[in-house]
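Presented below is the structure to which this report refers.
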Number of protein chains: 2
Amino acid sequence: MAPRLTDIVIGLNAVVIAVTAGEPRVLTVRRVTHSLGRATANEAIEALPFGPFDPAGHRTLELGLRAWVGEQTDLSLGYVEQLYTFADLGREGGISEGDGARVVSIGYLALAREAKPAGQGEAQWMDWYRYFPWEDWRRGRPPVLAEAILPGLAAWARSAGEAEERRRRDERIRTTFGEAPARWDEERVLERYELLYEAELVGEARRDRGLPPADQLALGQPMVFDHRRILATAMSRLRGKLKYRPVVFELLPPTFTLLRLQQTVEALAGMGLHKQNFRRLVEQGGLVEGIGEMERGTGGRPAEKFRFRREVLVERPAPGMRLPVARRAGPH
Amino acid sequence: MAPRLTDIVIGLNAVVIAVTAGEPRVLTVRRVTHSLGRATANEAIEALPFGPFDPAGHRTLELGLRAWVGEQTDLSLGYVEQLYTFADLGREGGISEGDGARVVSIGYLALAREAKPAGQGEAQWMDWYRYFPWEDWRRGRPPVLAEAILPGLAAWARSAGEAEERRRRDERIRTTFGEAPARWDEERVLERYELLYEAELVGEARRDRGLPPADQLALGQPMVFDHRRILATAMSRLRGKLKYRPVVFELLPPTFTLLRLQQTVEALAGMGLHKQNFRRLVEQGGLVEGIGEMERGTGGRPAEKFRFRREVLVERPAPGMRLPVARRAGPH
DNA sequence: ATCGTAATGCTCATTCCTAGCATTAGCGAT
DNA sequence: ATCGCTAATGCTAGGAATGAGCATTACGAT
């Protein structure tokens, strides 16, 4: 047996995003898994498309990922970007991967232009807010915050031993969930998920410790392994990137109306935007240019069709969508 | 032999940064390595502190990294952040790691408060512009750009077969190196390095292909493996993060003058900043607060000492240093 | 005292945003 | 045809944030 060559398995996980009908979707597959610590039989849980990196066959990590996704969802990826590499002991999600090999998982974000029914197998597009209901502020503050999350977190903070730790927890809750002096920062998806995990308010937390589910319902739909964490990482990254790189256009057809563009951004950012200001920002910012054509049947006055202006890449250092937030959940 | 458990070695690489005397430093160690494809004997090349991830002993990747750095440099890290995971075949730097195990390298960025002479072994703090001389615009545009880089890149672009490819290369050169309509974007350190690598203008490019060094001198000091690429990633990340997270303060003592703060930012960003505007931004932005004391012996009027205002973390969503660029290399 | 070097104060003209108001145009129903 | 609804587009008053400097103040050294 070779000396330092220990048992490491690298899992490549893809968060494939599309926006259809104004809703952000993530591509999932069903995985049959054994629920440890429970008497139940096998059950299917949602998972991201994933597969092991093959050190012999894959020339780069990204090529390995593309191969797996192609195989599991017959979708060929365009834009792909690496997210993060995790290897935390105890977050593998109650699956021992056979023989105790150490699992290192690398997450990727990929953007797809269309949410076609998605292939052969069990691949399925899911609304990403299914996993993070508290992240959708498009129609105002999600009720689950006041009803379950903040009370749950407050209890967790109170449960801390020393006063100093209680204070730290309180401050962390305020900053990540935008309470009091802090404001909601849509980019902190991962921080929020990690906090909920620590406070054992998401299903994975107890599962990973081998405990039975809590009596109160867990927040959002769980996923296998650490896949929900990876999805949270992807959402954070995408919401941030939106602002300084023209990534939205990877999710849109070559031509689109400004409303379609705005709805796509809103779907991703999880917040409503001021229509006129949004239009001014993208037009004056040189991100898009109108092509003469109009789109009828918009339900109102016909809208001009636009396309992405590639030239902006050379003109501006960080071309992205500023987010002119609409004060309240107001109509567009 | 276990089924899919192939030979993977994960290398943990640390880019440890400090700023001393207004210069950004990176912690390096010397590595004896065999230069493939050359008749020379072993020689010592600069490297980042690194070591393999131990799947049996390390609970998380980050803990593994901290262990290695502690061992090689007796420095204990504070702020640590993961950068990127690479596994490209052919970029391992002419070292076969014994028996053909696949090397996956994970880069980390760490910030240190002081550049003490750095420990026992061969650990040494190096000016990071030693590896990227073209990234330092503090005293104006680095001459190496006009003298070597742009001509070299232009030649590379011309050498492309089809016209279309030549056009693509030209555009890429313009955007990454800030030519013509594009402006220099200090964050694109990695993109610039990758471009130079492709154009074979850095030493690693030919070395990785087993070729002898080119006659014309290579740009910047090379490092082992893909370490210079990892350093470039770190610089990009740090230069970006500076603007939306108060990371500079991880590099400064608890109290400091505004000039010291500005010089630290300038050292990292590689550009001169407008003094009065910089002061206004950090003060009005609530990032710092004066403590009554003064520092004499500044060479001029005494300067007030400031400290980081932690409260800003709860007040603002993305507290960082805007960079009020100074038009020319002008004096502060 | 005089100079040189910094630290600080302030200004002014612009550019950017925020928050709306107002107008224009298809689509359907009456 | 006309009216009412829904969107798309135009525009603007005010306020806030920026970019570029000029001016003043305060040590240390000559």
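The values are calculated or read from the model by the stated rules, or taken from the named source; none is laboratory data. No experiment lies behind these values; they were computed from the predicted model shown. Cβ coordinates were reconstructed from backbone atoms using ideal geometry, including for glycine residues, and neighbour counts include every protein chain displayed.
Within the range A:253-306, can you find the residues that are under 23 Å from the mean Cα position of the chain (by Cα), of a type in the set (S, T, N, Q) and more than 11 Å from DNA strand D (Cβ to nearest atom)?
The answer is A:264, and nothing else.
Could you list, in sequence order, the residues of the range B:284-308 that are assigned to a loop (DSSP other than H, G, I, E, B) and modelled with pLDDT of 90 or more?
Of the range B:284-308, the ones assigned to a loop (DSSP other than H, G, I, E, B) are B:285-287, B:296-302.
Residues satisfying the conditions are B:285, B:286, B:287, B:301, B:302.
What's the total number of residues in the range A:168-193 that are buried (at least 18 other Cβ atoms within 10 Å of the Cβ) and touching a helix residue (DSSP H, G or I) at 6+ places or on another chain (Cβ under 6 Å)?
12
In the range A:194-224, which residue that is assigned to a loop (DSSP other than H, G, I, E, B), in contact with a Gly (Cβ under 6 Å, 6 or more places away or on another chain) and in contact (Cβ under 8 Å) with a residue 60 or more places away in the chain is surrounded by the most Cβ atoms within 10 Å (Cβ to Cβ)?
By that ranking, first place goes to A:224.
Out of the residues in the range B:91-145 meeting the condition of being at pLDDT 95 or above and among the small types (Gly, Ala, Ser), tell me which one is surrounded by the most Cβ atoms within 10 Å (Cβ to Cβ).
B:107
Determine, yes or no, whether residue B:238 is buried (at least 17 other Cβ atoms within 10 Å of the Cβ) and within 13 Å of the chain's Cα centre (by Cα).
yes
For the condition touching a Pro at 6+ places or on another chain (Cβ under 9 Å) and either within 14 Å of chain A (Cβ to nearest Cβ) or modelled with pLDDT of 90 or more (or both), what is the one hit in B:266, B:311?
B:311
For the range B:313-322, state whether one or more residues are within 11 Å of DNA strand D (Cβ to nearest atom), surrounded by fewer than 18 Cβ atoms within 10 Å (Cβ to Cβ) and not small (Gly, Ala, Ser).
Yes - at least one qualifying residue is present in the range B:313-322.
Report, ordered by the first and then the second residue, all pairs with beta carbons closer than 6 Å, sequence separation of six or more or different chains, a first member in the range A:171-190 that is more than 9 Å from every other protein chain (Cβ to nearest Cβ) and within 15 Å of residue B:319 (Cβ to Cβ), and a second member that is surrounded by 19 or more Cβ atoms within 10 Å (Cβ to Cβ) and of a type outside the set (Ser, Thr, Tyr).
A:176/A:188; A:176/A:192; A:176/A:195
Near DNA strand C (Cβ under 7 Å from one of its atoms) and of a type in the set (Lys, Arg): does that describe residue A:310?
For residue A:310, the condition - near DNA strand C (Cβ under 7 Å from one of its atoms) and of a type in the set (Lys, Arg) - is not met.
Could you list, in sequence order, the residues of the range A:76-88 that are within 14 Å of another protein chain (Cβ to nearest Cβ) and either part of a strand (DSSP E or B) or at pLDDT below 85 (or both)?
If the condition is that a residue be within 14 Å of another protein chain (Cβ to nearest Cβ) and either part of a strand (DSSP E or B) or at pLDDT below 85 (or both), then A:80, A:81, A:82, A:83, A:84, A:85, A:86 are the ones that fit.
Just to check your reading of the model, which residue among A:268, A:281 is under 21 Å from residue A:114 (Cα atoms) and outside any loop (DSSP other than H, G, I, E, B)?
On the way: A:281 fails: under 21 Å from residue A:114 (Cα atoms).
From the options A:268, A:281, the qualifying one is A:268.
Just checking, does the range B:130-143 include any residue being more than 26 Å from residue B:15 (Cα to Cα), outside any strand (DSSP E or B) and touching an Asp or Glu at 6+ places or on another chain (Cβ under 6 Å)?
Within the range B:130-143 (the criterion being more than 26 Å from residue B:15 (Cα to Cα), outside any strand (DSSP E or B) and touching an Asp or Glu at 6+ places or on another chain (Cβ under 6 Å)), the answer is no, since none of the residues qualifies.
What about residue B:249, is it outside any loop (DSSP other than H, G, I, E, B), in contact (Cβ under 8 Å) with a residue 40 or more places away in the chain, within 16 Å of DNA strand C (Cβ to nearest atom) and aromatic (Phe, Trp, Tyr)?
no
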